[in-house]
Amino acid sequence: MPKPVLVVGAGPVGLAMAAELARYRVPVRIIDRSAARSDTSKALAVWARTLELLAGAGCVDAFLAAGFRAEAIGIHAGGRLIGRVPFDRIASPFNVLLVIPQSETERLLEAHLASLGGTVERNVELVAFTDTRDGVTCVVRHASGAHEHIHAGWLIGCDGAHSLVRRTLGMPFEGDTLSTSFLIADVQIAGLGIPPAELAIFWHPDGALMIFPISPGRYRIIADIGARSGHPPSFEQVQAIVARRGPGGLTVSDPVWLSHFGVNERKVRDYRAGRVFLAGDAAHVHSPAGGQGMNTGMQDAFNLAWKLALVEQGQAGPALLDSYSAERSPVARHILAESSRLTRIVLLRTPLAQRLRGFVAHRILAFPKVRRAIVDRLSEITLAYPDSPLNTGSAKGLHGPAPGRRFMPDGPVQVANAPRFVLYAREDVAARAMIARHPSLLDFRLHMPPDENGIWLVRPDGYVAATARAGHWSVIEDALSKIAANAAHAVNTHGAADAPGVPSPPGVMPG
Ligand SMILES: Cc1cc2nc3c(=O)[nH]c(=O)nc-3n(C[C@H](O)[C@H](O)[C@H](O)COP(=O)(O)OP(=O)(O)OC[C@H]3O[C@@H](n4cnc5c(N)ncnc54)[C@H](O)[C@@H]3O)c2cc1C
């Protein structure tokens with residue numbers, strides 16, 4: 001009986017992680033110390049890259065049906081619109097910002113996990129663990145007070161910003177906490193004279209006011225309010241800030257959530273220690289500016305799950321798992337730097353700096369290229385792994401993405417239930433021979449390359465692993481050998497599951 005992977009925390013990251021492992025038929029248990037799913041709306045933004053990955057996982061339609069499609073963001077100052085950035089230029093099949101409360105995201109991910117046979121074990125708290133080199137012995141406490149020892153193959157800490165897993169590993173959470181805090185409120189607003197599918201930022205000498213649509217008539221308000229007081233904001237304070245910083249004439253009513261938050265900008269250096277991994281807020285926390293935190297965390301899950309599946313199933317060597325931190329840690333560093341820059345722009349205080357901010361924003365947002373660059377970054381479609389140890393070959397002289405870059409095929413995204421690399425190459429004997437030689441790593445289908453003079457080897461998470469000129473199959477062979485090196489057993493135990501006409505085995509095995 002294989003040991004299960006233990007995922008600690010059923011927030012959006014833990015749920016995405018458990019669902020991905022379940023999709024790949026890795027035995028997994030997921031626990032959460034809370035008795036029920038959170039009902040707060042927290043992260044509202046699901047960006048294009050996350051939607052693409054959810055499409056690959058086979059559950060994006062439920063998200064699109066439940067969410068609200070925001071089409072643009074407008075920046076207002078001094079009573080005028082100084083710049084507008086539309087989302088329809090995002091170079092993705094999902095060229096919108098999907099606005100969906102985090103509670104809904106978690107509900108949908110939990111339903112997706114259930115459809116794969118997995119269940120969240122609630123009221124179960126991780127209290128201690130020991131890495132025994134051939135597994136991780138975890139002690140969990142049930143609601144009754146009883147303790148259980150779980151002998152897991154791997155432990156994944158998706159247990160949020162105050163992660164017990166991170167603290168037990170003794171990993172420093174390096175970075176800063178800003179002195180300014182923000183008010184947050186979910187309310188009804190009437191009289192807002194901007195298109196209903198538009199996010200609006202109002203820059204005012206007192207500070208910023210952000211108004212984001214959640215559903216028709218309902219909005220999320222965020223405003224910086226200086227040093228944090230011990231009390232949550234009052235509804236009167238929200239009304240006063242909207243009246244002073246907003247466009248005027250707004251009626252704010254029906255608050256369903258009033259809170260405040262401080263901004264932490266921190267990350268760990270390494271996301272792995274032996275058989276223990278960190279993902280999501282446990283590994284990195286950001287300013288909410290740009291709405292990147294949850295998206296980045298969920299993408300950690302999409303990065304790690306296929307690697308763990310291939311290693312657990314004996315098709316890849318353990319070194320593959322080192323690429324998780326090597327790839328995801330630089331991504332978080334980059335996102336932290338960008339969201340920190342955005343936050344500091346929002347928090348500019350002196351009249352001169354504020355005037356300059358308005359002037360520069362007005363000028364540069366007039367350029368389509370700048371608007372495009374902004375949405376490409378926010379939507380995370382340009383995030384890449386240019387320095388990944390998995391990259392092989394080069395796309396020099398070819399029309400198509402280089403190793404480490406995102407690869408978007410034409411047509412609908414394929415949903416696979418085994419973690420397989422995909423070959424994009426001209427149909428010929430050599431291509432078929434390559435697929436025949438690596439049935440447990442390569443999908444049996446061959447696809448048209450973006451440039452017929454080249455070959456692309458694409459990872460299960462949609463990033464390019466290798467590129468070569470047509471005929472240079474040794475590059476692809478090298479890339480696959482690197483993955484398979486020291487694999488426990490390089491036999492094809494799961495390849496048949498994707499073959500046409502062969503039914504898929506049932507979903508996750510509970511641990
Ligand atoms: C006000 C606010 C607004 C935000 N807006 C955005 C936004 O617009 N876009 C965006 O991308 N991000 C946003 N974020 C950030 C986003 O909410 C987080 O990045 C996201 O929740 C991280 O998910 P996670 O799964 O890593 O951690 P969490 O959501 O914190 O989940 C961790 C889970 O682990 C469980 N847990 C903890 N310890 C244990 C233990 N020992 N044993 C068992 N279970 C345990 C907890 O009960 C919890 O369910 C916002 C955050 C806040 C506070």
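The values are calculated or read from the model by the stated rules, or taken from the named source; none is laboratory data. From a predicted model like this one, the values you see are computed outputs, not experimental measurements. Neighbour counts run over all protein chains shown; Cβ positions are idealised from the backbone, glycine included. Heads up: the accessible areas ignore ligands, DNA and RNA and are worked out on the full protein's heavy atoms, side chains in. Shrake-Rupley method; radii C 1.70, N 1.55, O 1.52, S 1.80 Å.
Checking each residue in segment 214-231 for being within 29 Å of the chain's Cα centre (by Cα) and either at pLDDT 90 or above or not basic (K, R) (or both) picks out I214, S215, P216, G217, R218, Y219, R220, I221, I222, A223, D224, I225.
Would you say A332 is modelled with pLDDT under 95, under 22 Å from the mean Cα position of the chain (by Cα) and either closer than 29 Å to D461 by Cα or β-branched (V, I, T) (or both)? Working first, answer last.
Working: modelled with pLDDT under 95: no; under 22 Å from the mean Cα position of the chain (by Cα): yes; either closer than 29 Å to D461 by Cα or β-branched (V, I, T) (or both): yes.
Judged against the criteria, A332 is not a match.
The single condition from (1) touching a His at 6+ places or on another chain (Cβ under 9 Å); (2) small (G, A, S); (3) modelled with pLDDT under 95 that S287 fails is (1).
Among the residues examined, A223 does not qualify as assigned by TED's automatic domain parsing to the domain that holds D134 and either open to solvent by less than 40 Å² (accessible area, probe 1.4 Å) or within 16 Å of the ligand (Cβ to nearest atom) (or both).
Look at segment 256-284: where a residue is assigned to a helix (DSSP H, G or I) and a partner is within 12 Å of the ligand (Cβ to nearest atom) and modelled with pLDDT under 95, sitting 6+ places away or on another chain with Cβ atoms under 9 Å, you get G280/G293; D281/G293.
The single residue among D387, D451 that is among the charged types (D, E, K, R), within 29 Å of D322 (Cβ to Cβ) and in contact (Cβ under 8 Å) with a residue 12 or more places away in the chain turns out to be D387. The residues of segment 156-179 that are within 14 Å of the ligand (Cβ to nearest atom) and more than 24 Å from the chain's Cα centre (by Cα) amount to a single one, T168. Here V458 does not qualify as open to solvent by 20 Å² or more (accessible area, probe 1.4 Å), at pLDDT 95 or above, within 25 Å of the chain's Cα centre (by Cα) and not charged (D, E, K, R). Restricting attention to segment 285-310, the residues that are touching a Phe, Trp or Tyr at 6+ places or on another chain (Cβ under 8 Å), more than 8 Å from the ligand (Cβ to nearest atom) and of a type outside the set (D, E) add up to 7.
Results for (1) more than 14 Å from the ligand (Cβ to nearest atom); (2) over 30 Å from P2 (Cβ atoms), shown as yes or no for each residue.
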{"site": "G135", "(1), (2)": "yes, no"}
{"site": "A146", "(1), (2)": "yes, no"}
{"site": "I150", "(1), (2)": "no, no"}
{"site": "W154", "(1), (2)": "yes, no"}
{"site": "I201", "(1), (2)": "no, yes"}
{"site": "A208", "(1), (2)": "yes, yes"}
{"site": "F212", "(1), (2)": "no, yes"}
{"site": "R218", "(1), (2)": "yes, yes"}
{"site": "F235", "(1), (2)": "yes, yes"}
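The helices (runs of 4 or more DSSP H) found entirely in segment 1-76 that carry 2 or more residues being within 8 Å of the ligand (Cβ to nearest atom) are 12-23. Residue count for segment 216-269 satisfying the condition of being aliphatic (A, V, I, L, M) and within 30 Å of P330 (Cα to Cα): 4.
When we screen A416, A395, A384, A373 for residues that are aliphatic (A, V, I, L, M) and either surrounded by fewer than 17 Cβ atoms within 10 Å (Cβ to Cβ) or in contact with a Phe, Trp or Tyr (Cβ under 6 Å, 6 or more places away or on another chain) (or both), the only hit is A373. Filter segment 35-63 for residues that are within 21 Å of L21 (Cβ to Cβ) and open to solvent by 40 Å² or more (accessible area, probe 1.4 Å); which is modelled with the lowest pLDDT? Out of the qualifying residues, it is R37. The residue pairs whose first member lies in segment 70-89 and is open to solvent by less than 10 Å² (accessible area, probe 1.4 Å), whose second member is of a type in the set (S, T, N, Q), and whose beta carbons are closer than 9 Å, counting only pairs six or more residues apart or on different chains, are F87/N95; F87/S379.
Can you confirm whether E452 is in contact with a Leu (Cβ under 7 Å, 6 or more places away or on another chain), open to solvent by 10 Å² or more (accessible area, probe 1.4 Å), in a loop (DSSP other than H, G, I, E, B) and not β-branched (V, I, T)? Spelling it out, it is not the case that E452 is in contact with a Leu (Cβ under 7 Å, 6 or more places away or on another chain), open to solvent by 10 Å² or more (accessible area, probe 1.4 Å), in a loop (DSSP other than H, G, I, E, B) and not β-branched (V, I, T). Figure legend. Inter-residue proximity from segment 121-134: first residues among the basic types (K, R), second residues modelled with pLDDT of 95 or more and within 9 Å of the ligand (Cβ to nearest atom), beta-carbon distance below 6 Å, spacing 6+ or different chains. Indicated pairs: R122/D32. Here L108 clears all of (1) in contact (Cβ under 8 Å) with a residue 24 or more places away in the chain; (2) out of contact with any helix residue (DSSP H, G or I) (no Cβ under 7 Å at 6 or more places or on another chain) except the condition numbered (2). Suppose we keep only residues that are surrounded by fewer than 22 Cβ atoms within 10 Å (Cβ to Cβ) and farther than 17 Å from A18 by Cα within segment 273-284. Which one would you say is farthest from the ligand (Cβ to nearest atom)? Once the filter is applied, the top-ranked residue is G274.
When segment 302-360 is filtered for residues that are among the hydroxyl-bearing types (S, T, Y) and open to solvent by 10 Å² or more (accessible area, probe 1.4 Å), the ones remaining, listed by number, are S325, S340, T350. In segment 90-113, how many residues are among the aliphatic types (A, V, I, L, M), open to solvent by 40 Å² or more (accessible area, probe 1.4 Å) and in a helix (DSSP H, G or I)? Qualifying residue count for the region: 1. Taking the conditions (1) in the same structural domain as A273 (by TED's automatic domain parsing); (2) open to solvent by less than 10 Å² (accessible area, probe 1.4 Å); (3) more than 10 Å from the ligand (Cβ to nearest atom); (4) of a type outside the set (D, E) in turn, V124 satisfies each one other than (3).
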